[in-house]
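Report on the structure given below.
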Amino acid sequence: MKARARLRRAAAAACVALAGCAGQPGGGDATLKPMTSTTGTETADQVRARVHTELAASYFELGNLPVALEEAKEALRSDANFGPAHNVLGLVYGALKEDRLAEASFQRALQVNALDSDANHNYGQFLCLRKREDEGIRHFLAAVRNPLYQGADGSYANAGVCARRKGDSAAAEGYFQLALKLRPGHPQALYNMADISYAKGDFEGARGYLARLTKVVRPNAEVLWLGVRIERRLGDRIAEASYATQLRKNFPDSREARALAAGEN
């Protein structure tokens with residue numbers, strides 16, 4: 001199943017801000033375990049559960065939450081202990097703001113398999129977005145303990161976002177650096193490191209992180225506004241004007257464009 005890879009690419013392209021991907025279905029940089037085709041050892045019920053879970057993940061990715069919900073439920077009607085189905089069900093319930101049901105689903109997925117990195121990651125994101133940062137970080141770190149987990153960079157980056165939400169910039173920086181060690185072009189980690197560096201007065205460092213970021217994603221309004229402020233601090237009027245022109249042209253109705261027009265710093 002390619003749902004996780006597509007979700008991660010979409011997240012990388014869009015979610016560079018401190019808030020993460022709160023506007024996307026599922027409320028975060030969701031991860032879904034890729035499921036291989038049957039090896040002949042699955043029962044008929046397990047095959048049905050796997051197929052319906054894959055369909056649920058695909059519909060979740062498309063934003064079709066009612067169908068995703070029904071497919072996940074159908075998977076569990078086939079095999080009530082199919083952990084990935086509980087994980088997807090948690091994502092769907094989270095997107096529907098059914099927090100009690102979402103949390104129960106994530107917890108059930110982890111009862112089935114406490115080492116499920118995707119379920120730990122998604123539960124961590126759920127918790128962080130609901131201001132339960134310490135619990136969320138614990139689940140992100142549980143996710144990366146599996147040496148075979150391919151999404152560790154995303155879990156570290158989300159742990160960094162979660163740490164920033166609770167005001168722990170030092171811990172956040174450490175998590176973002178771990179994400180960048182695994183994936184040097186991780187957009188969310190690069191943006192946050194640029195923002196942290198700017199806040200610390202390290203404007204050259206901030207410029208470096210932002211330059212790396214704009215090589216891997218098309219800058220949004222938030223990125224361009226940070227670029228304006230960095231170059232203003234460094235005294236590079238040409239670079240400042242370039243960022244400002246892009247901001248006015250591409251995002252004229254954004255909050256950042258209004259701040260630029262108002263002369264904010």
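Where a number appears in this text, it was derived from the coordinates with a stated rule and is not lab data. All values derive from a computational prediction rather than experimental measurement. When we count neighbours, we look across all protein chains shown, and the Cβ atoms used for this are built from the backbone with ideal geometry, even at glycine.
Would you kindly give the portion of the calculated P(r) for the stretch 186-250 that falls above 19 Å, as a percent of all Cα pairs?
Tail of P(r) above 19 Å: 20 percent of Cα pairs.
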Mind ordering 154-161, 65-72 by average Cβ neighbours within 10 Å, highest first?
-> 154-161, 65-72
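Using a ≥ b ≥ c from the Cα gyration tensor of the stretch 133-217 (square roots of the eigenvalues), is it rounded, prolate or oblate, where a/c under 1.5 gives rounded and otherwise the larger of a/b and b/c decides, a/b for prolate?
oblate
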